[in-house]
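Novice: Questions regarding the structure given below will be posed in turn.
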Amino acid sequence: MKHSIKEWLFAVRPWSFPASAMPVLVTLMYLHWAGFENLNWLAGVWALVNIVVFHAAGNTWSDYFDYKRGVDTDETAGATTLTTGMFRPEEIKRLSIGLLVVALAGGVGLMLLTSWTLFWYGLGGALCVLLYPYMKYRALGDVAIGIAYAWLPCWGTSLVFTGSLQADTLLLAIPLGCITIAILHCNNTRDVRTDGDAGISTLAMNIGHDRSQTLYGFYMLTPFFCVAACAACGVFPYLTLLSFVALPNAWKNLQLMRQSTMGDTSAITRLDERTAQLQLLFSLLLSVSFLIAGQLS
């Protein structure tokens with residue numbers, strides 16, 4: 001079966017890439033503002049591209065197992081590459097393995113260019129991709145996402161960009177990680193019924209719809225409180241308050257979540273995409289803030 005480039009791009013779900021790419025970009029701009037010398041921009045851009053490939057591999061790997069497990073069906077509002085017959089399961093599986101091989105090869109190259117310590121970060125990322133379906137079906141998907149798309153990218157980027165691990169980049173992982181985990185959480189909140197029919201367990205399922213709404217609100221608002229606190233303490237430049245331009249978008253997302261009920265989640269059918277868009281806007285605003293502050297300092 002032949003597929004167009006547009007179909008292959010659709011299969012990897014590019015709308016979700018801000019979840020992985022933005023933590024790397026923000027970390028690069030933060031370290032630039034912090035005044036580190038001899039920054040390795042080649043390694044930084046390499047890390048940005050490589051994590052997107054890792055993310056694409058993870059998306060397709062998850063889609064394959066969700067379809068085989070019966071999590072994704074004609075009734076679900078998530079990935080439709082397999083449920084609509086656009087792709088055969090083996091095609092998505094091969095695509096995922098191919099992308100993972102490319103990502104691992106890129107990681108090895110980046111490790112040779114920078115530090116052997118990066119091996120452990122690459123191993124952690126690969127395990128998050130491969131074990132994600134197993135963890136997701138046991139209510140640990142939020143943990144896997146937080147590690148793979150917040151903690152590992154921020155620390156790993158600091159390692160390749162500056163030559164040493166910068167622990168303070170974890171301050172970036174908190175707000176960025178909240179929004180990234182929110183993408184999965186609203187997806188799982190929407191799919192509680194179909195996930196239950198498939199016999200899997202998610203955090204949204206375990207805590208119930210009302211608490212899931214509250215948790216999503218926490219994920220939406222915590223990033224802004226975190227940036228404000230860091231700016232007030234002098235850890236971030238005051239220009240990072242520019243990120244509050246994204247607050248109305250976060251509030252709109254929260255209101256959509258509040259409109260949903262256990263019996264009717266139609267209001268949040270595309271909330272995962274809107275949350276990814278929020279990640280993009282919030283992170284770009286942070287990045288620009290650090291970039292401008294770095295130029296002014």
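No lab work stands behind these numbers, since they all come straight from the coordinates. The shown structure was predicted, so the numbers you read here are calculated from the model rather than taken from an experiment. With ideal geometry, Cβ positions are generated from the backbone for all residues, glycine too; neighbour counts draw on all protein chains shown.
Novice: Show me the GluC sites (Glu not before Pro) within the range 8-105 that DSSP assigns to loop and that have at most 13 other Cβ atoms within 10 Å of their Cβ.
Specialist: Those that pass, being in a loop and sparsely packed, are GLU37, GLU75.
Novice: What order do you get for 41-48, 22-29 when each peptide is scored by the mean count of other beta carbon atoms within 10 Å, highest first?
Specialist: For the peptides 41-48, 22-29, the packing ranking is 22-29, 41-48.
Novice: Given H placed 1.01 Å from N in the peptide plane, which residues other than close sequence neighbours of SER201 have an amide H under 5 Å from its amide H?
Specialist: HN-HN under 5 Å from SER201: ARG138, ALA139.
Novice: Another one. With θ taken as phi - 60° and the coefficients 6.51, -1.76 and 1.60, list the Karplus ³J(HN,Hα) couplings across the range 19-25 in order, rounded to whole Hz; mark glycine and proline as x.
Specialist: Running phi through 6.51 cos²θ - 1.76 cosθ + 1.60 with θ = phi - 60° gives 4, 9, 6, 5, x, 5, 4 Hz.
Novice: If you take the Cα atoms of the range 123-263, find Rg, then find the Kirkwood Rh from the mean of 1/r over all pairs, what is Rg/Rh?
Specialist: Rg/Rh: 1.02.
Novice: Taking every pair of distinct Cα atoms and averaging 1/r, then inverting, what Kirkwood hydrodynamic radius in Å comes out for the range 1-126?
Specialist: So the Kirkwood estimate lands at 16.0 Å.
Novice: Moving on to the next point. For the chain, what is the charge dipole size about the Cα centre, in debye to the nearest 20, if Lys and Arg each add +1 at the Cβ and Asp and Glu each add -1 at the Cβ?
Specialist: The dipole of the chain has a size of about 140 debye.
Novice: Using helices alone, what [θ] at 222 nm do you get for the chain, with -39,500 (n - 2.57) per DSSP H run of 4 or more residues, divided over all residues and rounded to the nearest 500?
Specialist: So the helix-based figure for the chain works out to -23000 deg cm²/dmol.
Novice: With each pseudo-label sitting 7 Å past Cα toward Cβ, what's the LEU296-ALA198 distance in nm, one decimal?
Specialist: 4.7 nm
Novice: How large is ³J(HN,Hα), in whole Hz, for each residue of the range 232-243 in order, when computed from phi with the Karplus curve 6.51 cos²θ - 1.76 cosθ + 1.60 and θ = phi - 60°, using x for Gly and Pro?
Specialist: 5, 8, x, 6, 10, x, 4, 4, 5, 5, 4, 4
Novice: I've got another one for you. What number does the chain give for Rg over Rh if you use C-alpha atoms and the Kirkwood radius?
Specialist: 0.97
Novice: Applying 1/(1 + (r/R0)^6) with R0 = 22 Å to the Cβ-Cβ distance of ASN206 and VAL102, what FRET efficiency is obtained, to the nearest 0.05?
Specialist: E between ASN206 and VAL102, to the nearest 0.05, is 0.05.
Novice: With the Cα gyration tensor of the range 1-46 in hand, give its eigenvalues times 5 under a square root as the equivalent ellipsoid semi-axes, listed largest first in whole angstrom.
Specialist: Value: 34, 12, 5 Å, ordered largest first.
Novice: Now for a separate question. Compute the acute angle (0 to 90°) between the alpha-carbon long axis of helix 152-162 and the principal axis of greatest extent of the alpha-carbon atoms of the chain; round to the nearest 10°.
Specialist: 30 degrees
Novice: Using Stokes-Einstein with the Kirkwood hydrodynamic radius over Cα pairs, what translational diffusion coefficient do you get for the range 166-223 at 37 °C and a viscosity of 0.692 mPa s, in µm²/s rounded to a whole number?
Specialist: 269 µm²/s
Novice: In which sequence would CYS154, CYS226 go, from the one with the fewest C-beta neighbours within 10 Å to the one with the most?
Specialist: CYS226, CYS154
Novice: For labels at ARG69 and THR83 in the simple 7 Å Cα→Cβ model, what's the distance in nm?
Specialist: 1.5 nm
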